[in-house]
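Novice: Supplied in structure tokens, the structure appears directly below.
The values are calculated or read from the model by the stated rules, or taken from the named source; none is laboratory data. Model, not experiment: these values are computed from the prediction. No Cβ is skipped: glycine too gets one built from the backbone with ideal geometry, and neighbour counts run over all protein chains shown.
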Amino acid sequence: MREDSVKDDDRIISEKLSGIARKIAVLSGKGGVGKSTFAMNLAVSLAALGHRTGLLDIDMHGPSIPTMLGLSQTKAHSDGNEILPIEIPWSENLKVISIGFLLENPDDAVIWRGPMKAGMIRQFIKDVKWGNLDFLIIDCPPGTGDEILSTVQLMGRGSEAIVVTTPQEVASADVRKSLNFCRKLDLPVTGLVENMSGFICPHCGEETNIFKSGGGEDMAKSFGVPFLGRIPIDPEVVNSGDEGKPLVRSLDHTGSAGIFFSIAENISKKSPAPKIQYGG
Ligand code: ADP
């Protein structure tokens, strides 16, 4: 892309994003830790709390947000100039856009090479018509590769990150890499979430820590970032995702739904997120 057209794009992107109060990138060290599940439940909860919320799914390794929201057959449309986010019939405050809404076949993106992905992300961020929002939640690809780097740079100043991890992942270097990535980019971390942390028996309610839990909290402390909470391994989380009926959509805010909600409430009260100063 020529240098002047990149500058034009950058100007358009920053004008477009200027109507969004908080842009939060949801990151994880690796795939399969529940990053998309968390991003989706956070966005639905924030919308239910009355915040105008956008959910942007740029996880091209497997855009799962359409399925989780029951929109797997939905295709995005444009008004001639811009891509229109999908409005969710059961949530007046939530709009969503996913690479999955633009693909003929959900597996198509997997074969794209790095530069193609980066170009797609740039175009996607530039072309979506969000309007004014209180929150934009971005479900990023896993890891700390070029795609996330370009996303965070395009999102610009004032962006924040939430890092999702699991008790097993805490033992690996991946989550540290994500936190160090934020530190290097001067990207404030709103907090760390430990997902799949313990199993609560649906019959007796007793909690079993299949893997050692609590490591996420220690890691958050060592990086000087807030710990947002632990979400247990919960069959309801899987079923609701597979069925396209988000757990937090119901008005019953007990169990895992209650945890997602209280994390969302907590985040909506916090501002701005602290930058990582030390540790790691
Ligand atoms: P990622 O975006 O990190 O790749 P996903 O959000 O797609 O991960 O989740 C991977 C799988 O784990 C999905 O089948 C999802 O339903 C399941 N999952 C996520 N969080 C939980 C949880 N707390 N309890 C049980 N299953 C979960």
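Novice: Return the total of residues in segment 171-197 being in a strand (DSSP E or B) and within 16 Å of the ligand (Cβ to nearest atom).
Specialist: Of the residues in that region, 6 qualify.
Novice: I'm told ILE200 meets every condition in (1) within 16 Å of the ligand (Cβ to nearest atom); (2) under 29 Å from SER150 (Cβ atoms); (3) touching a residue at least 40 places away in the same chain (Cβ under 8 Å) except one. Can you identify the failing condition by its number?
Specialist: (2)
Novice: So, one more: Among residues belonging to segment 64-110 that are closer than 25 Å to GLY50 by Cα and charged (D, E, K, R), point out the one that is modelled with the lowest pLDDT.
Specialist: GLU92
Novice: Using the structure shown, decide if GLU194 is over 16 Å from the mean Cα position of the chain (by Cα) and without any contact (Cβ under 8 Å) to a residue 60 or more places away in the chain.
Specialist: Spelling it out, it is not the case that GLU194 is over 16 Å from the mean Cα position of the chain (by Cα) and without any contact (Cβ under 8 Å) to a residue 60 or more places away in the chain.
Listed here are the residues, each with its yes/no results for (1) basic (Lys, Arg); (2) more than 13 Å from the ligand (Cβ to nearest atom); (3) closer than 14 Å to ILE88 by Cβ.
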| site | (1), (2), (3) |
| --- | --- |
| VAL26 | no, no, no |
| GLY31 | no, no, no |
| SER36 | no, no, no |
| MET40 | no, no, yes |
| VAL44 | no, yes, yes |
| GLY50 | no, yes, no |
| GLY54 | no, yes, yes |
| ILE58 | no, no, no |
| PRO63 | no, no, no |
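Novice: Is there a residue in segment 111-129 that is modelled with pLDDT under 95 and within 16 Å of the ligand (Cβ to nearest atom)?
Specialist: No - not one qualifying residue is present in segment 111-129.
Novice: With the requirement that a residue be out of contact with any Asp or Glu (no Cβ under 8 Å at 6 or more places or on another chain) and surrounded by fewer than 20 Cβ atoms within 10 Å (Cβ to Cβ), what does segment 51-71 give you?
Specialist: Listed by number, the residues that qualify are HIS61, GLY62, LEU71.
Novice: Assess whether SER98 counts as being surrounded by fewer than 23 Cβ atoms within 10 Å (Cβ to Cβ) and either touching a residue at least 24 places away in the same chain (Cβ under 8 Å) or of a type in the set (D, E, K, R) (or both).
Specialist: no
Novice: Scan segment 161-170 and tell me whether some residue there is away from the ligand (no atom under 16 Å from the Cβ) and touching a strand residue (DSSP E or B) at 6+ places or on another chain (Cβ under 7 Å).
Specialist: No, segment 161-170 contains no residue that is away from the ligand (no atom under 16 Å from the Cβ) and touching a strand residue (DSSP E or B) at 6+ places or on another chain (Cβ under 7 Å).
Novice: What number goes with the only condition from (1) surrounded by 20 or more Cβ atoms within 10 Å (Cβ to Cβ); (2) of a type outside the set (Gly, Ala, Ser); (3) more than 12 Å from LEU136 (Cβ to Cβ) that LEU42 does not pass?
Specialist: (3)
Novice: Quick check on my filter: what residues within segment 228-260 are in contact with a Phe, Trp or Tyr (Cβ under 8 Å, 6 or more places away or on another chain), among the hydrophobic types (A, V, I, L, M, F, W, C) and near the ligand (Cβ under 10 Å from one of its atoms)?
Specialist: Of everything in segment 228-260, those that are in contact with a Phe, Trp or Tyr (Cβ under 8 Å, 6 or more places away or on another chain), among the hydrophobic types (A, V, I, L, M, F, W, C) and near the ligand (Cβ under 10 Å from one of its atoms) turn out to be ILE231, ILE233, LEU247, PHE260.
Novice: Look at segment 239-264 and say how many of its residues are at pLDDT 90 or above, in a helix (DSSP H, G or I), surrounded by 13 or more Cβ atoms within 10 Å (Cβ to Cβ) and not small (Gly, Ala, Ser).
Specialist: Adding up the residues that qualify gives 4.
Novice: Pairs please, first residue from segment 150-161 and over 14 Å from LYS16 (Cβ atoms) and touching a residue at least 12 places away in the same chain (Cβ under 8 Å), second anywhere and of a type in the set (Val, Ile, Thr) and in a loop (DSSP other than H, G, I, E, B), Cβ atoms under 9 Å, 6+ apart in sequence or on different chains.
Specialist: Pairs that qualify, where the first residue is over 14 Å from LYS16 (Cβ atoms) and touching a residue at least 12 places away in the same chain (Cβ under 8 Å) and the partner is of a type in the set (Val, Ile, Thr) and in a loop (DSSP other than H, G, I, E, B), are THR151/ILE58.
Novice: For segment 1-84, list the helices (runs of 4 or more DSSP H) that sit wholly inside it and hold at least 1 residues that are without any contact (Cβ under 8 Å) to a residue 60 or more places away in the chain and under 17 Å from the mean Cα position of the chain (by Cα); which are they?
Specialist: 35-48, 65-68
Novice: A further question follows. For LYS16, are the conditions met, namely being surrounded by fewer than 21 Cβ atoms within 10 Å (Cβ to Cβ) and either away from the ligand (no atom under 14 Å from the Cβ) or among the hydrophobic types (A, V, I, L, M, F, W, C) (or both)?
Specialist: Yes, satisfied.
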